[in-house]
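Worksheet: the structure to be examined is printed underneath.
Every read-out reported here was derived from the displayed coordinates using simple, explicitly stated rules and does not represent laboratory data. This is a predicted model, so every value here is computed, not measured. As a convention, Cβ positions derive from the backbone with ideal geometry for all residues, glycine included, and neighbour counts pool all protein chains shown.
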C-alpha cells in the first residue's frame, strides 16, 4: 500500500483502535482474569468466568427471555409495519402527513418506548377506560403474562415505522405495468395484495436485512425491559423482565458477596453476548437471503 | 375465440386526442396487427380492448356483446406489454402460474398446465429460476407462456419483440405465429415494424395520428394501399411519385406521366372521379431493367447494394427515379439503361390522397 494511502487512513484506523478494539480487547482480557483484592492487579483465571456463566441459572433464564423477546418483537414489528404501510396506501389524501406522524416513534429515545405504554402513562388510563366502559375487572399489569406482551408491543411501536418505510418503498417501486398486466389477467385487488404485494415485501432483501438487524438489536434489548422492571417492581435478578442486557446491568447494581462488583463475570457474559449476536445476525441474514433472496437474485 | 369490434371509438388524454373515430372488425381467430409510427395511438387501442382504458366515445364488442364498460379483469383477455411486465420477485413457475392461481385452479392441474405450456415454449428447465437471471429471449417466452396458460379469449401484444436481436426476433416471430395458429386465439398485435406486422398478420391496420388509414391483408396494404400516406409509409425504399394528367385519346382513357413520357391506360370510371389530375405512385421494384428498347430510358446515377437487392437512382430526362432490382443485374454507375414498368402495380391517388 502506498504511504499516502496509509496516512489518509491512519486517523480512521487510530479511531477504530481507540474506540472499538481497545475496549473490546480490555473486556475480553478482563473476562479471563480476576481482580486481586490484595492489590496486586489482575490474575489470569482462564475460562473460569465463562464456566461460571454456563453454570448460572440466571444466565439461561435471561437467554431464554431474550430469545422469546426477540422473536416476538421482530414478528410484531414486521407485521405492524407492513400493515400500516398497506393501510397508508389506501389513503387518498393526507398520505404524507400520516406517514410522518407514524414515523415519530423512530425519532424518540428507545427509553420512551418503555415509558409511553407504562402504567403511569397510557396504561392506567386505558385500564380505567376498559374497566368503566365495559365493566371488566382491572387488568393486573404486574402479571408477566400481561406485561411481557406489552413490552413486546412497545418495541413494535418503536420499530414498526422502520418496516413500514421499507414496505412503502418496495410497494411504490412495484412496476405499474405489472399491476395492469395482473388486472388484464383477471386479478382483483385482493389477488394483487396476496399474490404480488406481500411476496414482493417478504422476499425483498431490504426486509431480510432489517429483520437480521433488528433481531440482533432486540436480542440486546435494554431500555424497555429496564423501564418495565421499575413499573412492576422487579428489581432482583431472575425476573421475567430480565433480558441478557438487563441481567448484566442488575449484576452491576447488586454486588455479589465478598468480591464487590463481579466485573470479570459481567465481561465474560457481555463478550459471549457479543459473539452470539454476531454469529446469529450473520446466520439470520444468510438464511433469509437464501430463502427470500433466492428469488430476488 | 372471439370477434372484436371497435365502433367509432375516440379517446383523448387531457387535451391530446389520441384516437379519432376508430372502427375495426377483428375476425374470430384472426391474427390482426396494428402498424403505425410511434405516438399514433396503437397502444391505446390495445389498452381499450383490454379494458385498461375506457373510450370517450364509441363502443367495443366481443362477439356482439358490448364490453365497453366491463372491467379488465372480467374480459378474459391477456396482454403482453412492451416491458413484458413479468414479476421479478416471483420465480418463472410462479409467474406462469399467476393467472391460474387467480382462477383457483386445483394444484395438480395447475402444475400440469404450467409444465405443458413451459415445454411448448421450451422453457421447462427455467421454471425454478428467478426472472432477473433470464436472458431477453427467455423472458419473452415466459411472458408468452404466462399469457397463454389460461386460454384467454383474446391475445393482445404490444411490441413484444422490441429490443431483441434481429436474428432472434425472426425466430420468436415464427413461434408467435405458430402459437397463434395452434391455439386459434384472436390476436391483436401492435408494432411499428413493417416486417413484423406483415409477416405475422392475417390482416393489418395502418394507424396514423389516431386515425385508421387502411385495413387489409399485407399484400393489399402494400400493393393497393387505401391512401397516399399508407403507400408512402409501407415499403423500405422511397416511393416514386409523379403528377399525371388524365385524358381521353381515341376512346381510351389514359394517364400521362410527363416525367417518364409514359401513357398508362386506366379504367374509364376513374376519369370522372379525379377531374383531370392524379398522383401516380410507383414502387421502386415495379420498375424493371430490360435489355430491349423501351419508352423509359435513363442513366444510372448511384447504386446501393442492400444484400439481396440493389437500389439504383436513375436519371430519366432530369427526373430522378428509384429502381430496385435483384442482384442478377449489377449495372455500373453511368450506364444507360432501358426501364420497363409493371403497369398493374402503378398506384393512383386523387388530390386528397385517396386511392382511385
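Here are some notes:
- Global form of chain A, assessed from the alpha-carbon gyration tensor, a/c cut-off 1.5: oblate
- Fewest-first sequence of A:217, A:143 by Cβ atoms within 10 Å of each Cβ: A:143, A:217
- Full extension of the chain between residue A:142 and residue A:8 gives 42.6 nm of extra length, using 0.36 nm per residue less the Cα-Cα distance.
- Normalised by residue number, the volume inside the convex hull of the Cα atoms of the protein assembly as shown is 280 Å³ per residue.
- Whole-Å distance, taken between Cα centres, linking segment A:1-63 and segment B:284-356: 92
- Summary of the geometry: segment B:116-171 and segment B:32-97, compared by the centres of their Cα atoms, lie 17 Å apart.
- Whether segment A:1-138 is rounded, prolate or oblate, judged on the alpha carbon gyration tensor where a/c under 1.5 counts as rounded: oblate
- Modelled FRET efficiency - R0 35 Å, residue B:211 with residue B:267, Cβ distances, 0.05 increments: 0.80
- Inter-label distance, nm, simple model (7 Å from Cα along the C-beta direction), residue A:28/residue A:254: 3.1
- Exposure proxy ranking, count of Cβ atoms within 10 Å, fewest first, for A:148, A:219, A:174, B:287: A:174, A:148, A:219, B:287
- Between residue A:286 and residue B:115, the modelled labels are 3.4 nm apart [label points 7 Å from Cα along Cα→Cβ].
- Gyration tensor (alpha-carbon) shape descriptor, segment B:22-63, a/c threshold 1.5: oblate
- Residue B:1-residue B:232 FRET efficiency (beta carbon distance; Förster radius 41 Å; 0.05 resolution): 0.70
- Site pair residue B:15 and residue B:258 shows an inter-label distance of 4.4 nm when each label is modelled 7 Å from Cα along Cα→Cβ.
- Residues B:179, B:157, B:79 arranged by fewest to most Cβ contacts within 10 Å: B:179, B:157, B:79
- Comparing Cα centroids, segment A:101-165 and segment B:192-215 end up 65 angstrom apart.
- With contacts taken as Cα pairs under 8 Å at a separation of at least 6 residues, chain A carries a relative contact order of 29 percent.
- Cα long-axis angle, helix B:107-120 against chain B (0 to 90 degrees, to the nearest 10): 30
- If R0 is taken as 35 Å, the Cβ-Cβ distance between residue B:104 and residue A:205 corresponds to a FRET efficiency of 0.65.
- C-alpha long axis of helix B:166-183 to longest principal axis of chain B, angle in °: 70
- Volume per residue for segment A:165-291 equals 130 cubic angstrom (convex hull of Cα atoms).
- Rounded to the nearest 10 degrees, the angle from helix A:263-291 to the longest Cα principal axis of chain A is 30 degrees.
- Segment B:68-131 - Debye-derived log10 I(q)/I(0), Cα point model, q = 0.14, 0.15, 0.16, 0.22 Å⁻¹: -0.47, -0.54, -0.61, -1.04
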